[in-house]
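The values are calculated or read from the model by the stated rules, or taken from the named source; none is laboratory data. These numbers come from a predicted model, not from an experiment. Here the Cβ positions follow ideal geometry from the backbone for every residue, glycine too, while neighbour counts run over all protein chains shown.
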Amino acid sequence: MKILELDLYTNNLEAVRLFYVSQLGLPLLARSASQLTVLVGYTRLTFRLVDQPVAPYHVAINVPRDSLDVLMYYYDLDYLPTHGHGKTIAYFPEWGAKACYFYDPCGNLLEFIARTDLNLDDPNLTLPELFQGVSEIGLPTQDVAYTTSEIQRRFQVEEFSKATPKSDFNALGDDNGLFILAQQGRNWLFSNTQARLNYCRVQFTNGVNEAVHELYSFEVNQLPIGYATGNYRRSTSDSGKAMASEPSPAKSITRSISDH
């Protein structure tokens with residue numbers, strides 16, 4: 001699975017520009033008074049300005065497996081403690097990955113993640129080119145089992161083979177791209193930031209036919225959330241009622257997981 005486009009909300013476009021363009025050095029693709037788009041590897045990341053509260057997002061970026069230390073040295077960011085005092089790299093043996101975590105100025109929890117099963121190494125890459133693409137987007141939900149079922153029904157995205165589902169957490173996709181499902185109110189890993197319902201649009205490919213799909217966060221939750229005031233499409237009133245009243249088709253999943 002590859003995340004080709006990701007649209008998020010923000011209350012501060014100038015802070016977004018200074019961080020993602022000036023500090024991280026990402027190419028600026030488009031800018032207006034109401035939105036800004038940067039290129040993260042193969043992913044077009046767009047922030048749209050809104051005048052309503054915006055819950056923090058969780059976004060991970062794939063980097064080559066041997067570049068994480070270089071990136072952390074070059075980018076002087078406030079990396080979060082992970083596995084103990086002074087440790088800022090988290091290791092996930094089951095996932096074949098290691099990662100670091102930090103915040104952008106808008107309070108979004110970001111992650112650089114290096115996956116050993118992805119051969120992304122290239123000695124000719126510049127620093128901004130080490131960002132291979134957005135590989136994870138957090139999708140807070142009122143019911144993890146329900147959202148899992150909806151994504152699988154609509155888009156045939158399988159559960160991540162390296163993770164085990166849990167009642168408040170699940171991962172769908174593969175090493176290139178993942179939907180990270182978290183129960184509303186659950187803290188994102190290594191942080192005190194709670195997963196809260198928010199709005200996003202994801203355009204992605206999945207499967208051997210590379211068909212392009214589009215996911216809106218409110219469409220895979222039990223209740224419609226995050227309706228826009230003009231920039232995004234809305235579900236119809238009938239579909240909204242169906243989403244609000246339809247019982248969860250999946251049983252609660254309670255197996256253990258190595259939380260990521």
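Taking the criterion of being among the aliphatic types (A, V, I, L, M), loosely packed, with under 14 Cβ neighbours inside 10 Å and in contact with a Ser or Thr (Cβ under 8 Å, 6 or more places away or on another chain), no residue of the range 99-128 qualifies. Answer yes or no as to whether Thr193 is in contact with a Ser or Thr (Cβ under 7 Å, 6 or more places away or on another chain) and in contact (Cβ under 8 Å) with a residue 12 or more places away in the chain. When the stated conditions are applied, Thr193 does not pass them. Just to be sure, is Gly41 small (Gly, Ala, Ser), in contact with a Pro (Cβ under 8 Å, 6 or more places away or on another chain) and farther than 26 Å from Asn192 by Cβ? Against the criterion (small (Gly, Ala, Ser), in contact with a Pro (Cβ under 8 Å, 6 or more places away or on another chain) and farther than 26 Å from Asn192 by Cβ), Gly41 does not qualify.
Suppose the filter is of a type in the set (D, E, K, R) and not in a loop (DSSP other than H, G, I, E, B); does Arg196 pass it? Answer is no for this residue. Selection of first residues in the range 3-19 that are under 10 Å from Asn108 (Cβ atoms) and modelled with pLDDT of 95 or more and of second residues that are among the hydroxyl-bearing types (Ser, Thr, Tyr) and part of a strand (DSSP E or B), restricted to Cβ pairs under 8 Å at least 6 apart or on distinct chains, gives the following pairs, ordered by first then second residue: Leu8/Thr46; Val16/Thr10. For the range 160-193, the set of residues classified as touching a helix residue (DSSP H, G or I) at 6+ places or on another chain (Cβ under 7 Å) and either surrounded by fewer than 17 Cβ atoms within 10 Å (Cβ to Cβ) or in a strand (DSSP E or B) (or both) consists of Ser167, Phe169, Asn170, Leu172, Phe179, Leu181, Gln183, listed by residue number. Return the residues of the range 1-49 that are surrounded by fewer than 14 Cβ atoms within 10 Å (Cβ to Cβ), among the polar types (S, T, N, Q) and touching a strand residue (DSSP E or B) at 6+ places or on another chain (Cβ under 7 Å); say none if nothing qualifies. Within the range 1-49, just Ser34 meets the criteria.
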